[in-house]
Amino acid sequence: MRRRVGILGVVAAVFCTAAPFAMAGEPDVPGARVLQMQTAFNPGLPGAGEGVRVFAKTVKQMSGGGLTIKIVEPGRIAPTKDMLDAVIAGDLEAAFTWAGYATSKSAVFSLFGTVPFGPGPSVMVSWLLDGDGGRIHHDAYDKLGVAGIPCGVQGAKGGGWFRSDLNTPEDFKGVKLRYGQIPGEVVARMGATLAPVPAGEFFYQLQQGKVDGGEMSTPAMDAALGFDKLGLPYYLPGWQQPSAVIDFLMRKDKWEALPKPQRAQIETACRANIAWMLSRSPHTQALALEKLRASGVVIKQWAPAILDAFRKNAEIVLKERAEADADFAAAWANMKKFMAQGLDWRSMSRLP
């Protein structure tokens, strides 16, 4: 029998931020420039949540206190999914958010947010900083009048939590699942029914059997939110999101109004944050898997036939998006070419 737990702690962990985080970034240098930056991530949670605190601290240290970022908790000024609109309207001075929230403005952003079987964190960073990814990312935001700076890269999500075992592609027929846009289209092609469940309600609805399963976040985030208490199997790998880019956003005119040294400090702090998240994530996820196993969670790997079905249907969905959007098509082709160029080295350089 599966254990039942209350959801108040989980919901609070997702949406609430303790007072010390809300006050982080108060200046201690007279005349310091203070940027009000709303975060999409609770600073008390691992991954991007930790990343927002590290980024703010790095900016303050690099500027000698002359530039300070005051972290505003999720939802305080604008709903998380609407932060880009708030930046464009001038209601939000700066934002620290997931690139995927910008997909409503341009399909290109999905390549930086959620790409089934896309690049892992290190390859994503290489495409951003050494390939054409950085240019594509910059141009997509520039068209919106926004300065968008890659400021972190999140590692892979878990494959999801499910109320029953999924052993064959046929097992997806008729099940009600929570997945994002592109992955959702993939599982829908396999016969699943999509459930548009907000993140803060997923735990409760999964616990109550109102949905049959789906994705939440990384293993570390899932463990921090108490999903191990549900007594459900946890599937890996997270085929639907091998990596995700975290962005620092400001409206272009406000960004250009900052002195050049301060802009350089923010850009450098963002690159440092990317490096920090890359180094932090693997060990954090490993510890999370240990915690999940110790809590009695059965961790399963997707059957090869299911992974093949995911991949086949993902290629169809991405092809359809490319046919409908020329900018997406060009960017996706560029990403695929970059990944293919490094495939030999990545496979041949690994020890057996």
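The values are calculated or read from the model by the stated rules, or taken from the named source; none is laboratory data. Given the structure is predicted, the values throughout are model-derived calculations rather than measurements. Neighbour counts are summed over all protein chains in view; Cβ atoms, including those assigned to glycine, are modelled from backbone coordinates with ideal geometry. What goes into the accessible areas is simple: the full protein's heavy atoms, side chains included, and nothing from ligands, DNA or RNA. Shrake-Rupley method; radii C 1.70, N 1.55, O 1.52, S 1.80 Å.
Between GLU320 and ALA32, the FRET efficiency estimated from the beta carbon spacing at R0 = 56 angstrom works out to 0.65. For LYS300, nonlocal amide neighbours, meaning residues 5 or more places apart or on other chains whose placed amide H falls under 5 Å from its own, are TYR234, TYR235, LEU236.
Can you give the net charge of the other residues whose Cβ lies under 12 Å from the Cβ of PHE117, counting K and R as +1 and D and E as -1? Local charge sum for PHE117: +1. The distance from the alpha carbon centre of the range 212-262 to that of the range 308-327 is 23 Å, rounded to a whole number. Once both labels are positioned 7 Å from their Cα atoms along Cα-to-Cβ, the gap between ASP327 and ARG189 label points is 2.4 nm. Under a 5 Å amide H cut-off, with hydrogens placed 1.01 Å from N, GLY191 pairs with nothing among residues at least 5 apart or on other chains. Dipole magnitude for the range 232-352: about 360 debye, using +1 per Lys or Arg Cβ and -1 per Asp or Glu Cβ, origin at the Cα centre. In the range 249-311, a dipole from Cβ-located charges (positive for Lys and Arg, negative for Asp and Glu) runs towards its positive end, and of LEU278, ALA257, LEU292 it is ALA257 whose Cα lies farthest in that direction.
Among 33-45, 322-334, sorting by the average number of other beta carbon atoms lying within 10 angstrom of each residue, highest first, gives 33-45, 322-334. Based on the Stokes-Einstein relation at 10 °C and a viscosity of 1.306 mPa s, and on the Kirkwood radius from alpha carbon pairs, the chain is assigned a translational diffusion coefficient of 76 µm²/s. Looking at the chain, the accessible area is 45 square angstrom per residue; that uses a 1.4 Å probe and ignores ligands, DNA and RNA. Ranked by the mean number of other Cβ atoms within 10 Å per residue, highest first, peptides 210-218, 254-262, 134-142 order as 210-218, 134-142, 254-262. Over the residues of the chain, the helix contribution to mean residue ellipticity at 222 nm works out to -14500 deg cm²/dmol, using -39500 (n - 2.57) for each DSSP H run of at least 4. Whole-Hz Karplus values for the range 306-311 come out as 6, 4, 4, 5, 4, 5 Hz, taken residue by residue from phi with 6.51 cos²θ - 1.76 cosθ + 1.60 and θ = phi - 60°; glycine and proline positions read x. Taken one residue at a time, the phi angles of the range 120-126 give Karplus couplings (6.51, -1.76, 1.60, θ = phi - 60°) of x, x, 5, 5, 4, 5, 4 Hz. Gly and Pro are set to x.
About the centre of its Cα atoms, the chain shows a dipole size close to 620 debye [charges on the beta carbon of Lys, Arg (+1) and Asp, Glu (-1) only; nearest 20 debye].
Under a plain spin-label model, where a point goes 7 Å from the Cα along Cα-to-Cβ, how far apart in nm are LEU343 and ALA286? Between LEU343 and ALA286, the label points sit 2.9 nm apart. Pairs of Lys residues in the range 54-154, spaced 8 or more positions apart or belonging to different chains, with C-alpha separations under 23 angstrom: 6 in total. The phi torsions of the range 35-52, fed into the Karplus equation with coefficients 6.51, -1.76 and 1.60 and a -60° offset, translate into couplings of 9, 7, 10, 7, 9, 7, 10, 4, x, x, 9, x, x, 5, x, 4, x, 5 Hz, rounded to whole numbers, with Gly and Pro shown as x. Rg and Dmax of the range 193-312, both derived from C-alpha coordinates alone, stand at 19.0, 55 Å. Here the dipole of the range 253-320 is about 200 debye; that uses its Cα centre as origin and unit charges on the Cβ of Lys and Arg (positive) and Asp and Glu (negative).
Taking amide H atoms as placed 1.01 Å from N in the peptide plane, the amide H of VAL211 lies under 5 Å from those of LEU206, each 5 or more residues away in sequence or on another chain.
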